[in-house]
1. Tell me which lysines have Cα within less than 27 Å of K231's Cα, excluding those fewer than 8 residues away on the same chain?
2. Relative contact order of the chain: what whole-number percent is it, with Cα pairs under 8 angstrom and at least 6 residues apart?
3. Report, in debye and to the nearest 20, how large the dipole of the chain comes out about its Cα centre when Lys and Arg carry +1 and Asp and Glu carry -1 on their Cβ.
4. Placing +1 on the Cβ of each Lys and Arg and -1 on the Cβ of each Asp and Glu in the stretch 1-117, which of L93, G49, T79 has its Cα farthest towards the positive end of the resulting dipole?
5. Enter the Cα centre distance for the pair the stretch 1-34 and the stretch 116-150, rounded to the nearest angstrom.
6. Rounded to the nearest 20 Debye, what is the dipole magnitude of the stretch 187-282 about its Cα centre when Lys and Arg each give +1 and Asp and Glu each give -1 at the C-beta?
7. State the answer as a single residue: which of Y108, L291, L136 lies farthest towards the positive end of the charge dipole of the chain, with beta carbon charges of +1 for Lys and Arg and -1 for Asp and Glu, about the Cα centre.
8. If we count every other residue with Cβ under 15 angstrom of F89's Cβ, Lys/Arg +1 and Asp/Glu -1, where does the sum land?
Amino acid sequence: MFPNFLPKAVGQLTESASIALARSIQTAAIATPLINQPVTTTYVNQGSGGTPILLIHGFDSSVLEFRRLLPLLSGDNETWAVDLLGFGFTDRLSGIPYSPSAIKTHLYYFWKSLINQPVILVGASMGGATAIDLALTYPEVVKKLVLIDSAGLAGGSPLTKLMFPPLDYLATRFLSNLKVRDRVSRIGYKNQSLASVDALYCGALHLQMPSWNQALITFTKSGGYSAFRFKKVSQIRQQTLILWGDSDKILGTRDAMRFKRAITHSKLVWIPDCGHLPHLEQPQITAQHILDFRV
């Protein structure tokens, strides 16, 4: 059985990894300073032992992004994945300023409420920028940092210029079109066979959550994650593993080397035959590098 808070379309998932992860999604009421009521937050928690691993998804995504990676990590480690504020299946309450600052605050209180010990923080794409922001603001949270084809050195979203009425709602309608999402998804993979119908459903299921479009508009209007200055990134003190697909067509490959130069205690590993999504395209290789790094 699937949790009853997920959209009914969850029944369209066909791959065993997707179905298993969807069935394991839980909720917690997370109190934050952002609003005078708790935010019902969706997450997955599997495994036990070792330093906890916390997985942070990318832009307009959800915990389902880690359907292939999380099971490979949780066999030996307590492993978490959380839907960021304004994304995934986490509640989108009115009155919250959906912005990077609000996302960071919510993520910190999620960590404090449910984990409350230093973690290996893994951020993919936009989730990498979120992870960097958290590590710099709350260094006590992050024991080690893993960046997977991370945003953070490039500028904000080009959607920002479209986010005014009526183009804001037209833009979100465009992004909710399954054919559009399929085309975007295919750019992320080198191996096009992985852009399956199941992958499309995983990437679009959260669009059916209440206020998805309004939260996305508000986040984009905030400017999203602007580029961190090189000097700011160089303030990261945690050991950092940079994993990067050697054929990334979303962010390219230049920023991998820039992150390596900026972060003193860092190691760059290229993931072969892989696009922007190593955790989906090469999950075994990606998981092994993370597990080796945790020691």
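1. The reachable lysines, counting only those whose Cα sits under 27 Å from K231, are K104, K143, K144, K221, K249, K260, K267.
2. For the chain, the relative contact order is 19 percent.
3. Roughly 720 debye for the chain.
4. The listed residue farthest towards the positive side: L93.
5. Going from one Cα centre to the other spans 23 Å.
6. So the dipole magnitude of the stretch 187-282 works out to roughly 760 debye.
7. L136
8. Taking every Cβ under 15 Å from that of F89, the sum is 0.
Taken together, the values in this text are just the output of simple stated rules run on the coordinates, not laboratory data. What you are looking at is a predicted structure, and each value in this text was computed from that prediction instead of being measured. Here the Cβ is made from the backbone with ideal geometry for all residues, glycine too, and neighbour counts use every protein chain on show.
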